[in-house]
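Data first, discussion second: the structure below is written as structure tokens.
The values are calculated or read from the model by the stated rules, or taken from the named source; none is laboratory data. Quantities reported herein were computed from a predicted structural model and do not represent experimental measurements. FYI the Cβ positions are ideal-geometry reconstructions off the backbone, even for glycines, and counts take in every protein chain you see. Remember, those area values only see protein heavy atoms, side chains included, never the ligands or the DNA or RNA. Shrake-Rupley method; radii C 1.70, N 1.55, O 1.52, S 1.80 Å.
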Amino acid sequence: VQLQASGGGLVQAGGSLRLSCVASGRTFSYYTVGWFRQAPGKEREFVAAIRYSGSATYYTESVQGRFTISRDNAKNTVYLQLNSLKPEDTAVYYCAAQASGIWPQLKPDRYGYWGQGTLVTVSS
């Protein structure tokens, strides 16, 4: 499966963005999808994930209540709504897909398919 992430940009603290991850190539509804982010000089970290059916979601603690992950399998798309953004949310955001495995999967190396990343910059 091929993934294309988009929707990043420059936003002031407290603002919002919606990221999209569009999939092609295989039946997208079979895949759990995660969002990760990587800030300059830091390791890639887990942000959120959604099960293949959309029946369950999971978030890292720092984004709980601010970010929302959702999916539309008819459109082969997963969304990450980012609200109440903070400067520390600045990073390149990546979507990734996992065909099977434990839930929730927080480790980047367990995801077999990755998008190219989209940059989110939050100014103070």
Full-extension gain between THR57 and SER6, please, as 0.36 nm times their residue separation minus the C-alpha to C-alpha distance. 16.3 nm
Would you mind computing, in nm to one decimal, how far apart the modelled labels at VAL22 and GLN38 are, each placed 7 Å from Cα along Cα→Cβ? 2.4
So, over other residues within a Cβ distance under 13 Å of PHE28, counting Lys, Arg +1 and Asp, Glu -1, the net charge is +3
Taking the chain as a Gaussian network, where each spring joins two C-alpha atoms under 10 Å apart, which residue of GLY14, GLY34, GLY25 fluctuates the most? GLY25
Roughly speaking, what % of Cα-Cα pairs in the chain are separated by over 24 Å, rounded to a whole number? 18
What accessible area per residue comes out for the stretch 49-97, rounded to a whole number of Å², with a 1.4 Å probe? 46
Computed for the stretch 18-124: size of charge dipole around the Cα centre, +1 on C-beta of each Lys and Arg, -1 on C-beta of each Asp and Glu, debye to nearest 20, value 200
When the chain is modelled as a GNM with alpha-carbon springs shorter than 10 Å, which of TYR94, TYR52, TYR30 fluctuates the most? TYR30
